[in-house]
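Okay, structure first, notes after.
Nothing in this text is a laboratory measurement; each read-out follows from the coordinates by a stated rule. Given the structure is predicted, the values throughout are model-derived calculations rather than measurements. Positions of Cβ are backbone-derived with ideal geometry, glycine not excepted, and every protein chain shown enters the neighbour counts.
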Amino acid sequence: MSPRRVKIRVSRPTSQRATPLAPPTTVRLVVVEDQAAIREMIVELLGNQPGHEVVGAAATGTEGLEMVTRLKPDLVVLDIQMPGMGGIDFLRRLRRGTQHAKVLVFSARQEAHVIRNLVQEGIQGYVNKSQSFKELRQAVAKVAQGGNWFDEAFGQTVRDALANPRIQSDRLVEQLTPREREIAMLIASSHSSKEVAHRLGLSIKTAENHRSNLMRKLGVHDVAGLVRFLVRQGLVDPTNE
């Protein structure tokens with residue numbers, strides 16, 4: 001009896017259309033830095049990084065805040081010491097709004113009160129300007145991916161600030177009402193009582209009363225003393241003094 005032949009069907013691979021890969025996510029950045037040379041170098045450095053796009057560069061905090069609100073970037077590279085609206089005030093206004101951009105600070109300021117304010121405002125990273133642009137590039141990449149970047153010097157300053165009790169001037173600031181703080185910032189920006197009243201919708205008498213109360217609480221006697229106090233607290237930039 002001859003052996004039975006069995007047909008074996010070999011299935012051939014069918015050609016399948018390859019699923020296209022999703023395009024890589026581009027991180028959109030805004031740079032806020034008042035020094036033109038540094039601003040241009042940062043823009044060139046980060047703009048040449050794969051997956052990064054610098055969509056705006058501002059020379060002032062006011063311009064930067066408008067730009068962030070309009071362009072809605074993923075990440076802001078921010079200097080702290082700028083004329084007009086400084087970096088701390090920029091952060092406070094940014095957080096009060098609806099913008100959720102990550103913030104990486106690139107600054108030479110590293111005093112304890114400045115660092116404490118930055119931590120309170122919830123920044124995602126800090127690079128001191130004494131470091132290289134390579135570190136800035138690495139920090140931007142880390143923060144853009146959802147991480148944090150703080151160097152050891154920053155961490156030590158935070159630990160020192162937390163370990164030491166708040167100085168008397170910190171407690172004095174806490175005694176001010178939100179309205180008194182707002183008026184203090186306007187006075188430090190060279191606004192008269194009449195201008196303060198107009199901007200805040202108050203009577204001149206009410207503005208003058210607020211002014212007298214806040215100066216009494218802070219123990220200062222003139223505008224110059226008020227400005228120096230606010231500079232020490234990191235509430236205004238020294239360039240406004």
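Mind giving me the nanometre distance, one decimal, between the label points for SER203 and THR25, set 7 Å out from Cα along Cα→Cβ? So the two model labels end up 5.5 nm from each other. Take 185-195, 25-35 and order them by the average number of nearby Cβ atoms within 10 Å per residue, most first; the result is 25-35, 185-195.
Label sites at ARG96 and GLN156, each approximated as a point 7 angstrom past Cα along Cα to Cβ, lie 3.6 nm apart.
For region 23-111, the spread of Cα positions along the three principal axes, ordered from largest to smallest, is 39, 31, 22 Å. Converting the Cα gyration tensor eigenvalues of region 72-142 into ellipsoid dimensions via √(5λ) gives semi-axes, longest first, of 18, 16, 10 Å. Cross-link pairs exceeding 30 Å in C-alpha to C-alpha distance, out of LYS72/LYS129; LYS102/LYS205; LYS72/LYS142; LYS102/LYS217; LYS102/LYS134, comprise LYS102/LYS205; LYS102/LYS217.
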